[in-house]
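Participant: This structure is in structure tokens; I'll ask about it shortly.
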Amino acid sequence: MSISFDLTGKTAVVTGANTGLGQGIAVALARAGASIIAVGRSAMDETERLCQGMGASVHSVQADLSSLEPIEHIMAESAKVGERVDILVNNAGIIRRADSIEFTEKEWDDVMNVNLKSTFFLSQAVAKRMLEDGAGGKIINIASLLSFQGGIRIPSYTASKSGLAGLTRLLACEWAAKGINVNAIAPGYFVTNNTEALRDDPKRSSEILGRIPAGRWGDPTDIGGAAVFLASSAADYIHGVVLPVDGGWLAR
Ligand code: NAD
């Protein structure tokens, strides 16, 4: 049997695809042959241009995933494109930084709503579709090193990403036999908006860099290979893993 990473003929929904890791993932899936449905709060011009440059078709959907409201709209828009959704990448995520002693309910809820609640209910909506025709699919959650570690000053983020690792395993257990692979990628420290505050703090920045065996922060182009792998038939028997892409951080 040949091993294939080819995604030709597949359609992938990627949330938060306008920038950072979501953009890196959308472009990598497009390069592997997938059509892209790019979901996000803001304009997708750059992502559209990059994916089209790979010869992929791209359909953008405006949606604010801080509530469940847009999920129906996302499903309707993806049905309009006419293809079934074969791959869902739950990438949209936010972080709020403050000492736990001062952390507010809003900082808690804002992060939980995007990182965990919307992720679960979008996965549920997409899985219902994937189950309708029995052809299954792939769901990839973007977790974090904070799915394994505690961190500091990011209580809702750590709770959400640790929760997302658990949710990945639970959904894998429920849906594996139905042909849906649910897995996660745990990025290490990448140069994106998410880590701007860390990179702007010279002490934290050099502490972090000093602990990364690869000797550099990740670039959004470093994440796509893992996403293509988990989205492809090469990963058909992989369920419930949280795959670190971290320059060796967790090996330290
Ligand atoms: P980013 O801030 O550049 O991107 C976050 C994306 O999520 C953006 O596209 C943003 O528009 C989208 N988003 C945020 N809130 C949204 C909402 N309410 N509705 C719709 N979209 C929304 O940061 P990033 O690093 O590219 O983050 C992508 C994912 O990777 C996040 O889940 C983040 O937690 C995770 N992650 C990042 C790192 C890192 O080092 N950069 C490490 C571990 C995990």
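Participant: Tell me yes or no: at least one residue of the range 84-104 is within 28 Å of Asp219 (Cβ to Cβ), among the acidic types (Asp, Glu) and more than 11 Å from the ligand (Cβ to nearest atom).
Facilitator: Among the residues of the range 84-104, at least one is within 28 Å of Asp219 (Cβ to Cβ), among the acidic types (Asp, Glu) and more than 11 Å from the ligand (Cβ to nearest atom), which makes the answer yes.
Participant: Continuing with this model, one more query. Kindly indicate whether Ile101 is in contact with a strand residue (DSSP E or B) (Cβ under 8 Å, 6 or more places away or on another chain) and modelled with pLDDT of 95 or more.
Facilitator: Details: in contact with a strand residue (DSSP E or B) (Cβ under 8 Å, 6 or more places away or on another chain): no; modelled with pLDDT of 95 or more: yes.
For Ile101, the condition - in contact with a strand residue (DSSP E or B) (Cβ under 8 Å, 6 or more places away or on another chain) and modelled with pLDDT of 95 or more - is not met.
Participant: How many residues does the range 95-121 hold that are β-branched (Val, Ile, Thr) and surrounded by 17 or more Cβ atoms within 10 Å (Cβ to Cβ)?
Facilitator: So the count comes out to 4.
Participant: Which one is farthest from Ala17 (Cα to Cα), of the residues in the range 180-229 that are within 14 Å of the ligand (Cβ to nearest atom), among the small types (Gly, Ala, Ser) and not in a helix (DSSP H, G or I)?
Facilitator: Here the answer is Ala214.
Participant: May I ask you to verify whether Val242 is surrounded by 15 or more Cβ atoms within 10 Å (Cβ to Cβ) and under 21 Å from Leu116 (Cβ atoms)?
Facilitator: yes
Participant: Of everything in the range 62-116 that's within 16 Å of the chain's Cα centre (by Cα) and acidic (Asp, Glu), which residue is farthest from Ser35 (Cα to Cα)?
Facilitator: The qualifying residue farthest from Ser35 (Cα to Cα) is Asp64.
Participant: Might you check whether a residue that is within 18 Å of Lys161 (Cα to Cα), outside any loop (DSSP other than H, G, I, E, B) and either modelled with pLDDT under 95 or among the aromatic types (Phe, Trp, Tyr) (or both) occurs anywhere in the range 111-126?
Facilitator: yes
Participant: If you go through the range 12-26 one residue at a time, do you hit one that is away from the ligand (no atom under 16 Å from the Cβ) and either more than 18 Å from the chain's Cα centre (by Cα) or surrounded by 21 or more Cβ atoms within 10 Å (Cβ to Cβ) (or both)?
Facilitator: no
Participant: Follow-up question, since we're still on this one. Quick check, is Leu230 closer than 19 Å to Leu88 by Cβ, touching a residue at least 60 places away in the same chain (Cβ under 8 Å) and crowded, with 21+ Cβ neighbours inside 10 Å? Before the answer, list the steps.
Facilitator: Values: closer than 19 Å to Leu88 by Cβ: yes; touching a residue at least 60 places away in the same chain (Cβ under 8 Å): yes; crowded, with 21+ Cβ neighbours inside 10 Å: yes.
The answer is yes for Leu230.
Participant: Which residues, counting only those in the range 230-252, are in contact with a Ser or Thr (Cβ under 7 Å, 6 or more places away or on another chain) and in a loop (DSSP other than H, G, I, E, B)? Explain how you work it out, then say what you get.
Facilitator: In the first step, residues of the range 230-252 are kept if they are in contact with a Ser or Thr (Cβ under 7 Å, 6 or more places away or on another chain); the result is 232-234, 240, 242.
Within the range 230-252, Ser232, Gly240 qualify.
Participant: A further question on this structure: On the basis of being in contact (Cβ under 8 Å) with a residue 24 or more places away in the chain and either within 21 Å of Ile95 (Cα to Cα) or within 14 Å of the ligand (Cβ to nearest atom) (or both), does Ala251 make the cut? Lay out the reasoning, then the answer.
Facilitator: Values: in contact (Cβ under 8 Å) with a residue 24 or more places away in the chain: yes; either within 21 Å of Ile95 (Cα to Cα) or within 14 Å of the ligand (Cβ to nearest atom) (or both): no.
When the stated conditions are applied, Ala251 does not pass them.
Participant: If I ask for residues that are out of contact with any Leu (no Cβ under 7 Å at 6 or more places or on another chain) and among the small types (Gly, Ala, Ser), which ones from the range 70-104 would you list?
Facilitator: Hits for the range 70-104 are Ala76, Ser78, Ala79, Gly82, Gly93, Ala98, Ser100.
Participant: Could you list, in sequence order, the residues of the range 51-69 that are without any contact (Cβ under 8 Å) to a residue 12 or more places away in the chain and within 16 Å of the ligand (Cβ to nearest atom)?
Facilitator: Glu69
Participant: Can you name every residue in the range 120-147 that is within 16 Å of the ligand (Cβ to nearest atom), closer than 18 Å to Ile71 by Cβ and without any contact (Cβ under 8 Å) to a residue 60 or more places away in the chain?
Facilitator: Within the range 120-147, Phe120, Phe121, Ser123, Ala125, Ile139, Asn141 meet the criteria.
Participant: Within the range 216-233, is even one residue in contact with a Gly (Cβ under 6 Å, 6 or more places away or on another chain) and more than 24 Å from Leu50 (Cβ to Cβ)?
Facilitator: Among the residues of the range 216-233, not one is in contact with a Gly (Cβ under 6 Å, 6 or more places away or on another chain) and more than 24 Å from Leu50 (Cβ to Cβ), which makes the answer no.
The values are calculated or read from the model by the stated rules, or taken from the named source; none is laboratory data. Computed from a predicted model, the values in this text were never measured in an experiment. Please note: Cβ atoms are built from the backbone with ideal geometry, for glycine as well, and neighbour counts cover all protein chains shown.
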